[in-house]
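Peer 1: Shown below is the structure under consideration.
No value in this document is a laboratory result; all are computed from the given coordinates. Keep in mind that this is a model prediction, so the values were computed, not measured. Methodologically, a virtual Cβ is constructed for each residue, glycine included, from the backbone with ideal geometry; neighbour enumeration extends over all protein chains shown.
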Number of protein chains: 6
Amino acid sequence: MKCIILPEKFDYDGSQISSLWAYNSFGVNEDSIIVFRGACDVKIEHMIDLEDRRENESIWSEDMVSFIIEHFDSTDLKLVYARQRFFTALVREHLAGLGIHTTRGGDDLFLKEKKLTVSIASTSAVSQKIHFGINVSHEVYGNLREAGIGDDEGIVRFMQEIGEAYVKEFEDIEKDLRKSRPLGVV
Amino acid sequence: MKCIILPEKFDYDGSQISSLWAYNSFGVNEDSIIVFRGACDVKIEHMIDLEDRRENESIWSEDMVSFIIEHFDSTDLKLVYARQRFFTALVREHLAGLGIHTTRGGDDLFLKEKKLTVSIASTSAVSQKIHFGINVSHEVYGNLREAGIGDDEGIVRFMQEIGEAYVKEFEDIEKDLRKSRPLGVV
Amino acid sequence: MKCIILPEKFDYDGSQISSLWAYNSFGVNEDSIIVFRGACDVKIEHMIDLEDRRENESIWSEDMVSFIIEHFDSTDLKLVYARQRFFTALVREHLAGLGIHTTRGGDDLFLKEKKLTVSIASTSAVSQKIHFGINVSHEVYGNLREAGIGDDEGIVRFMQEIGEAYVKEFEDIEKDLRKSRPLGVV
Amino acid sequence: MKCIILPEKFDYDGSQISSLWAYNSFGVNEDSIIVFRGACDVKIEHMIDLEDRRENESIWSEDMVSFIIEHFDSTDLKLVYARQRFFTALVREHLAGLGIHTTRGGDDLFLKEKKLTVSIASTSAVSQKIHFGINVSHEVYGNLREAGIGDDEGIVRFMQEIGEAYVKEFEDIEKDLRKSRPLGVV
Amino acid sequence: MKCIILPEKFDYDGSQISSLWAYNSFGVNEDSIIVFRGACDVKIEHMIDLEDRRENESIWSEDMVSFIIEHFDSTDLKLVYARQRFFTALVREHLAGLGIHTTRGGDDLFLKEKKLTVSIASTSAVSQKIHFGINVSHEVYGNLREAGIGDDEGIVRFMQEIGEAYVKEFEDIEKDLRKSRPLGVV
Amino acid sequence: MKCIILPEKFDYDGSQISSLWAYNSFGVNEDSIIVFRGACDVKIEHMIDLEDRRENESIWSEDMVSFIIEHFDSTDLKLVYARQRFFTALVREHLAGLGIHTTRGGDDLFLKEKKLTVSIASTSAVSQKIHFGINVSHEVYGNLREAGIGDDEGIVRFMQEIGEAYVKEFEDIEKDLRKSRPLGVV
């Protein structure tokens, strides 16, 4: 599994959640986590969560760090949702390690009761994907700047450390499941 | 999904990881998390993790809280391992909420660098299961008593809150995945 | 699993077979069976059965009771077809209970050799769905009126009883499969 | 899929539910339904339904027709349970066609409120199986003799017609699912 | 599984890789391999391999034999790719049997270091498909004419023999997997 | 995926086909192909192919090269059988490259009409495995010595080249399936 941190500013408009975006954009033919920073403005046709559509929610941020995860090992909806939930907990752990206390509600993180993150997961016939975005700055919602991670260097380190941590967890899980016997039965 | 907290002391000898143990013992025919407290001494024939067998490890504790999770919705090894990893993070979150700082390494939690927990996950042809155990007291390893959760009442509350939190997360995930559109494709 | 009986007349144009229609229309984020009554006129772009398309068949009824079933627990085509076949038998059983004798040929029911029902099943990347429609009145085909269920009250009872019966069967199956040991092997 | 009617009396002791029994006994390397008639006395170690074990139920009949279905196309527990439920409805339809009115409760048929049938379904790592048994005669439970199918010839016809009907349904479903477009999405 | 050799010239424009093409065109509701000969010119919107799209590759041949395989038994991407790889080896075996030595690199065959074939595999929500094409004549690439199979009769025999060989292999595999016990465990 | 060539003589008694043998013996927690050379004498309890059991076949060779493949990415029987068939073709290709002409019948290779190889594939609840064995010398059956690969060095090279070729094919397939769009639909 590959982690790529885009060196330049890159805006998220929702099209990046499409299957094969990583291959098409960067030639990656492995499972991957692509991390980038830029504005976020999700077009209605790319909204995967119908709740957002129904409530005509805007998914908007002037400056956001985005993690785009793609796995091709299964198209099981339950699996990608378990992975999304775990990724959320992983980000929270990392923030706690930086001394930033957040609360988690499902796949959302909150900073002082203000929503800090957006996330969605789904599948196509060929892959499963997760988008997880964290506001770097935002006028209304929680954001990393307010949490004290404001300088560009800190943000880059944050992007790298989480991207690499997820790859490590994934590879570790793959190893763990290759040494367990099947269950006995009562 | 059902959460059952056993009211009496109950020892873990590893046979509880078998598929259908919850049905056989308590008549539960739902997905379930059974929580109990007692001594832990896993017999070699119930060791699921071959690493433990190879290294002739003893899985022993004089007093442990055990969570036994069983899902029948899939026998996918990847799914139960993602769930196990998420459950580990959930326990850590809960401990942090109680002011107890731990570190996580894969599916293990550590208290002041001493291993606090044991865990295993696997599947049979009919279900997937997770065992997650936390020492209440232990002469060598990390334990809840040392962490300041020593009284019986505190332990019972801990058992209940985590058991119920997992059920809530599971049901929340099941709802989330029922409102997401399939991915588009580049 | 949730059963919803729409209180108002609702026409079926085939778009209701789309994945997530129940969530989008009624906010249901469970597996569901939505039951309604109205005219039926399936547009060519919503025809799922290519046989109908090839033969330029019209799927039309002036007054039809429609059952729309959606499951998110799997996207296995074999499973949704087994469920569709079972649902057909369930409707037939119910009609027999009302003293109405029909014959079954695959997923079709016939009343005095006239086709009484239409049905289709398929999957997307996120869910599996079944449409099952029964003519209330029809100039050519078999219909409930002819079978003696003509009054509105009788139709509503019919809609409710079958909708609820399917939910009950589904939940009963889910319980049954949580108490069976894996097979031995010769 | 192959249907075999055993010409000689054959007793059911529960071992026939094991995976690969059909291959091992008759060299059948297709999906199959094997139908036979004989005494039924299920040994405790072959009881798949833990409810029977827990309640120390005896599964016994002096004369029973047994259907043993095996599919290798999937090891999905949900699928074999949907098939079992459908098979139960199929038998009921057939009995109704012979003028014998039964009621169905899950995977059980009742004749004048007396249990007429036994059934179980499960999977191993390689196949899924169903056993469905109908009493020909029984001192306590419902039975075909009481229902008026008493002569050997009638029983043989009954065995053949249901065995062949299931094969026909299975092959028909396999054809149906090969002409349906994937679902659209709202 | 059915093998159909189209008797008339038929051009491949890439739309034939779509799911259900065989049913829609020929009414085949089985797994199938459809074999035909004609020009090949794949339109950009039918290109499944994004590498071809990215590199703006033309998939063109004045005269090509095409094999279109469709299976509905699974939508597992790993399975269709294993089948594609095996089909490639099967064609190579057959060519070797005709005295034509080729080399294989993944899913490509080469004749004297010139690419002889094109191939792609993928899935939709309902089926899995493979296209495998071999140049009959080509100005740049390897082709059967150059290999000495030039006459129409020889080409027809080639189409038939490979089409039928794949059906035979498929049916043979289906039989083989119906006589193997599950694995033991260390 | 890892390839390990055992440096010492190692006998095959059938227990090596068990799931997790590679982890238990060599600590490999990846998908793997383990290659070794030694006598072959499969005990009846390790016979996976019931045809061999039924016919009381002896699987015996005084000197055999064995390939033991284990994948944990799926427990789909169809997938491991497709992989087995492909592996057989791969070995045949390799032998042809050494100037040794064999014929293939299913998963068997023949040298001058004498059976050269044995093979079996199956799954447990946690992994899928293939055993493929080639006689180095044999009094009755085809063998590599007769084919002209007699010296120890040649055998070692043969073991290495095929082991590594399979790893390369597997990794290549994994890459290929990560750049293909889902199929369109007619």
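Peer 1: Have a look at D:Leu144, D:Leu50, D:Leu20 and tell me which one the Gaussian network model of chain D (Cα, springs below 10 Å) gives the largest fluctuation.
Peer 2: Its mean-square fluctuation being the largest, the pick is D:Leu50.
Peer 1: Simple spin-label model, 7 Å along Cα-to-Cβ: E:Lys168 to D:Glu171 in nm?
Peer 2: In this crude label model, E:Lys168 to D:Glu171 measures out at 2.4 nm.
Peer 1: Give the long-range amide H neighbours of E:Leu183: residues separated by 5 or more places, or on another chain, with amide H under 5 Å away, using H modelled in the peptide plane at 1.01 Å from N.
Peer 2: F:Thr123, F:Ser124
Peer 1: So, one more: For peptide F:40-53, what's the mean number of Cβ atoms from other chains within 10 Å of each residue's Cβ? Present the calculation step by step, with values, prior to reporting the outcome.
Peer 2: Working: counts 0, 0, 0, 0, 0, 1, 3, 2, 6, 4, 11, 7, 1, 4.
What the average comes to for F:40-53 is 3.
Peer 1: Still on this structure, please answer the following. Copy-to-copy spacing for E:Ala39, label 7 Å out on the Cα-to-C-beta vector, in nm, shortest first?
Peer 2: Distances to the matching label points in the other copies: 4.7, 4.7, 6.7, 7.7, 8.4 nm.
Peer 1: Count the net charge of all other residues whose Cβ sits under 14 Å from the Cβ of B:Ala22, scoring Lys and Arg as +1 and Asp and Glu as -1.
Peer 2: Working: positive: B:Lys2, B:Lys129, C:Lys175, C:Arg178, C:Lys179, C:Arg181, D:Arg54; negative: B:Glu30, B:Asp31, B:Glu70, D:Glu51.
Result for the neighbourhood of B:Ala22: +3.
Peer 1: Classify the protein assembly as shown as rounded, prolate or oblate from the Cα gyration tensor: take a ≥ b ≥ c as the square roots of its eigenvalues, call it rounded if a/c is under 1.5, otherwise prolate when a/b beats b/c and oblate if not.
Peer 2: Working: a/c = 1.15, a/b = 1.00, b/c = 1.15.
Rounded is the answer for the protein assembly as shown, as its axis ratio a/c remains below 1.5.
Peer 1: Using a/c under 1.5 as the rounded threshold, could you call the range C:26-81 rounded, prolate or oblate? The axes a ≥ b ≥ c are square roots of the C-alpha gyration tensor eigenvalues, and prolate needs a/b larger than b/c, oblate otherwise. Please list the in-between numbers first.
Peer 2: Working: a/c = 2.69, a/b = 1.30, b/c = 2.07.
In terms of gyration-tensor shape, oblate.
Peer 1: Right, here's the next one. Along Cα→Cβ, 7 Å out, is where each label goes; now give me the distance between the ones at A:Arg157 and A:Ala39 in nm to one decimal.
Peer 2: 3.0 nm
Peer 1: Now a separate question. Which chain C residue puts its Cβ closest to the axis that rotates C onto B, and at what distance in whole Å?
Peer 2: Nearest-to-axis residue on chain C, with distance in whole Å, is C:Asp73, 3.
Peer 1: Which residues' amide hydrogens lie under 5 Å from the amide hydrogen of E:Tyr12, considering only partners 5 or more residues apart or on another chain, with H built in the peptide plane?
Peer 2: Correct list: E:Ala39, E:Cys40, E:Asp41.
Peer 1: Using the Cβ atoms and a cut-off under 11 Å, what net charge is assigned to the surroundings of A:Ala125, where Lys and Arg are +1 and Asp and Glu are -1? Please list the in-between numbers first.
Peer 2: On the way: positive: F:Arg181; negative: E:Asp76.
That sum, taken over residues with Cβ under 11 Å, equals 0.
Peer 1: If you count, for every residue in F:116-124, the Cβ atoms of partner chains within 10 Å of its Cβ, what is the mean?
Peer 2: Working: counts 0, 0, 0, 1, 4, 5, 8, 8, 12.
That works out to 4 on average.
Peer 1: Search the structure for amide H atoms under 5 Å from the amide H of B:Leu20, placed 1.01 Å from N in the peptide plane, and list their residues when 5 or more places away or on another chain.
Peer 2: none
Peer 1: Go through E:Lys114/F:Lys129; C:Lys115/D:Lys129; B:Lys179/C:Lys168; A:Lys115/B:Lys112; A:Lys129/E:Lys129 and tell me which ones have a Cα-Cα distance over 25 Å in this structure. Could the numbers behind the result be given before it?
Peer 2: Values: E:Lys114/F:Lys129 36 Å; C:Lys115/D:Lys129 34 Å; B:Lys179/C:Lys168 23 Å; A:Lys115/B:Lys112 32 Å; A:Lys129/E:Lys129 23 Å.
Among E:Lys114/F:Lys129; C:Lys115/D:Lys129; B:Lys179/C:Lys168; A:Lys115/B:Lys112; A:Lys129/E:Lys129, the Cα-Cα distance tops 25 Å for E:Lys114/F:Lys129; C:Lys115/D:Lys129; A:Lys115/B:Lys112.
Peer 1: What list of ³J(HN,Hα) couplings, whole Hz, do you get for the range F:128-137 from phi and the Karplus terms 6.51, -1.76, 1.60, once you set θ to phi - 60° and write x for glycine and proline?
Peer 2: For the range F:128-137, the Karplus-derived couplings read 10, 9, 10, 10, 9, x, 10, 4, 7, 9 Hz, x marking Gly and Pro.
Peer 1: Hey, another quick one. Residue by residue through the range B:25-39, what is 3J(HN,Hα) from phi via Karplus (6.51 cos²θ - 1.76 cosθ + 1.60, θ = phi - 60°)? Round to whole Hz and write x for glycine and proline.
Peer 2: 8, 10, x, 6, 10, 10, 4, 8, 10, 9, 10, 8, 10, x, 6
Peer 1: Continuing with the same structure: Relative contact order for chain D: what percent, with Cα pairs under 8 Å and sequence separation of 6 or more?
Peer 2: Working: 321 pairs, mean separation 41.7, N = 186.
It rounds to 22 percent for chain D.
Peer 1: Something else: Could you state the angle between the C-alpha long axis of helix E:152-176 and the longest principal axis of the C-alpha atoms of chain E, as a value from 0 to 90 degrees rounded to the nearest 10?
Peer 2: So the helix axis and the longest Cα principal axis differ by about 10 degrees.
Peer 1: By its C-alpha gyration tensor, with a ≥ b ≥ c as the square roots of the eigenvalues, how is the range A:23-151 shaped: rounded for a/c under 1.5, else prolate for a/b larger than b/c, else oblate?
Peer 2: Numbers: a/c = 1.59, a/b = 1.41, b/c = 1.12.
Prolate, because a/c is 1.5 or more and a/b exceeds b/c.
Peer 1: Shifting gears a bit: Given the -39500 (n - 2.57) contribution per DSSP H run of 4+ residues, what per-residue ellipticity at 222 nm results for the protein assembly as shown, rounded to the nearest 500 deg cm²/dmol?
Peer 2: -10000 deg cm²/dmol
Peer 1: To continue, here is another question. With a sphere of radius 14 Å drawn around the Cβ of A:Arg145, what net charge do the other residues whose Cβ falls strictly inside it have (Lys, Arg +1; Asp, Glu -1)?
Peer 2: Result for the local shell: -4.
Peer 1: Continuing with this model, one more query. Per-residue Cβ counts within 10 Å, from other chains only, averaged over A:126-136: what number is that? All intermediate terms of the calculation are to be shown ahead of the outcome.
Peer 2: On the way: counts 16, 7, 2, 1, 0, 0, 0, 0, 0, 0, 0.
Whole-number average of other-chain Cβ neighbours for A:126-136 is 2.
Peer 1: Looking only at C:Asn56, C:Asn29, C:Asn143, which one moves most when chain C is put into a Gaussian network model with springs between Cα atoms under 10 Å?
Peer 2: Highest fluctuation among the options: C:Asn56.
Peer 1: Could you tell me the center-to-center distance, by alpha carbons, between the range F:109-181 and the range C:19-50 in angstrom?
Peer 2: 52 Å
Peer 1: Next question, about the same structure. Taking θ = phi - 60°, what integer Hz values does the Karplus form 6.51 cos²θ - 1.76 cosθ + 1.60 yield along the range A:54-68, in sequence order, with x for Gly and Pro?
Peer 2: 4, 8, 6, 5, 9, 10, 9, 7, 6, 7, 9, 9, 10, 10, 10
Peer 1: Run the quick spin-label model on B:Lys9 and E:Phe10: label points 7 Å from Cα toward the beta carbon, then report their separation in nm to one decimal.
Peer 2: Placing both labels 7 Å beyond Cα along the Cβ direction yields 7.6 nm.
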